[in-house]
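The values are calculated or read from the model by the stated rules, or taken from the named source; none is laboratory data. Just so you know, these numbers come straight off a predicted model, no measurement behind them. Neighbour counts run over all protein chains shown; Cβ positions are idealised from the backbone, glycine included.
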Amino acid sequence: DTGVSQDPRHKITKRGQNVTFRCDPISEHNRLYWYRQTLGQGPEFLTYFQNEAQLEKSRLLSDRFSAERPKGSFSTLEIQRTEQGDSAMYLCASSFGLLNSPLHFGNGTRLTVT
Amino acid sequence: AQRVTQPEKLLSVFKGAPVELKCNYSYSGSPELFWYVQYSRQRLQLLLRHISRESIKGFTADLNKGETSFHLKKPFAQEEDSAMYYCALSGGSNYKLTFGKGTLLTVNP
């Protein structure tokens, strides 16, 4: 499967713990996006990278959230001091940098904070 | 600010009936509109985009700038069309998508 892959698929953690998710985009895609989806809602934009540069962060992304994309390849999303409100599906997507190229989504990482 | 509204959370039709999933948007510039679909236990995937003006799986969508709408239509629904459908908007140079809350379409036999 040469699509976007995310790891882990599921993560259960206790409140206050730190978690890190990984996303491997389609290899030739230079843009990478993180979205969050809660029950009954559409995906909400968190942040995006063009190559290794993080170009935009949503106001949803509090100081406890940090994302990186070293070398412009895979990306990690870390949440520090998790809260119950962080429970959601975290989606990664990638695209090739032509005008409004479609986003290719991964299967997501489902985070449950107990 | 970008906003996408899908007024129906649930839509149920019978096989062979026409289906229309509504989408309205708010954006001050010139938007790009998309429909994404998520079938059961599959990842979110692009169904169609307004600039390509193509019909995918029998679905079409026309951008109506006067009504700020991008409704998705299919003349004869099939059971395999049952899925969650999201309308999405992209504006500006960052290509990020703003999604609606989605409509769950159920096509009954």
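Observations on the model:
- Candidate set from the stretch A:67-114 (those that are at pLDDT 95 or above and of a type in the set (Lys, Arg)); member that is nearest to A:Gly42 (Cα to Cα): A:Arg110
- Out of B:Leu47, B:Leu104, sole residue that is in contact (Cβ under 8 Å) with a residue 60 or more places away in the chain, surrounded by fewer than 21 Cβ atoms within 10 Å (Cβ to Cβ) and part of a strand (DSSP E or B): B:Leu104
- Within the stretch A:78-112, if we keep just the residues that are under 11 Å from A:His10 (Cα atoms) and either part of a strand (DSSP E or B) or among the basic types (Lys, Arg) (or both), the residue that is nearest to the other protein chains (Cβ to nearest Cβ) turns out to be A:Met89.
- The single residue among A:Arg15, A:Arg9, A:Arg22 that is away from chain B (no Cβ under 14 Å), modelled with pLDDT of 95 or more and out of contact with any helix residue (DSSP H, G or I) (no Cβ under 8 Å at 6 or more places or on another chain) turns out to be A:Arg22.
- A single member of B:Lys22, B:Lys9, B:Lys15 is closer than 18 Å to B:Thr98 by Cα, touching a residue at least 40 places away in the same chain (Cβ under 8 Å) and away from chain A (no Cβ under 12 Å), and it is B:Lys22.
- Meets criteria (free of Cβ contacts under 8 Å to residues at least 24 places away in the same chain and at the interface with another protein chain (Cβ under 9 Å from one of its Cβ atoms)) for A:Leu55: yes
- The residues of the stretch B:64-82 that are among the small types (Gly, Ala, Ser) and surrounded by fewer than 20 Cβ atoms within 10 Å (Cβ to Cβ), listed by number, are B:Gly66, B:Ser69, B:Ser82.
- Residue within the stretch B:91-101 that is surrounded by 20 or more Cβ atoms within 10 Å (Cβ to Cβ) and more than 14 Å from chain A (Cβ to nearest Cβ) present: no
- Here B:Val37 fulfils each of the conditions (1) buried (at least 17 other Cβ atoms within 10 Å of the Cβ); (2) assigned to a loop (DSSP other than H, G, I, E, B) apart from (2).
- Number of the condition not met by A:Ser75 [criteria: (1) within 23 Å of B:Gly102 (Cα to Cα); (2) more than 11 Å from chain B (Cβ to nearest Cβ); (3) among the polar types (S, T, N, Q)]: (1)
- Some residue of the stretch A:26-36 being over 18 Å from B:Ala88 (Cα atoms), more than 14 Å from chain B (Cβ to nearest Cβ) and surrounded by 14 or more Cβ atoms within 10 Å (Cβ to Cβ): no
- Only one of the numbered conditions (1) touching a Leu at 6+ places or on another chain (Cβ under 8 Å); (2) within 14 Å of chain A (Cβ to nearest Cβ) is not met by B:Ala61, and that is (2).
- Top-ranked residue of the stretch B:11-22 - restricted to ones that are under 14 Å from B:Asp81 (Cβ atoms) and touching a Ser or Thr at 6+ places or on another chain (Cβ under 8 Å), ranked as surrounded by the most Cβ atoms within 10 Å (Cβ to Cβ): B:Leu21
- Among residues of the stretch A:23-72, those that are among the small types (Gly, Ala, Ser), under 18 Å from A:Ser94 (Cβ atoms) and either within 10 Å of the chain's Cα centre (by Cα) or not in a strand (DSSP E or B) (or both), counted: 4
- Failed criterion for B:Tyr25 (all others in (1) in contact with a Lys or Arg (Cβ under 9 Å, 6 or more places away or on another chain); (2) surrounded by fewer than 17 Cβ atoms within 10 Å (Cβ to Cβ) hold): (2)
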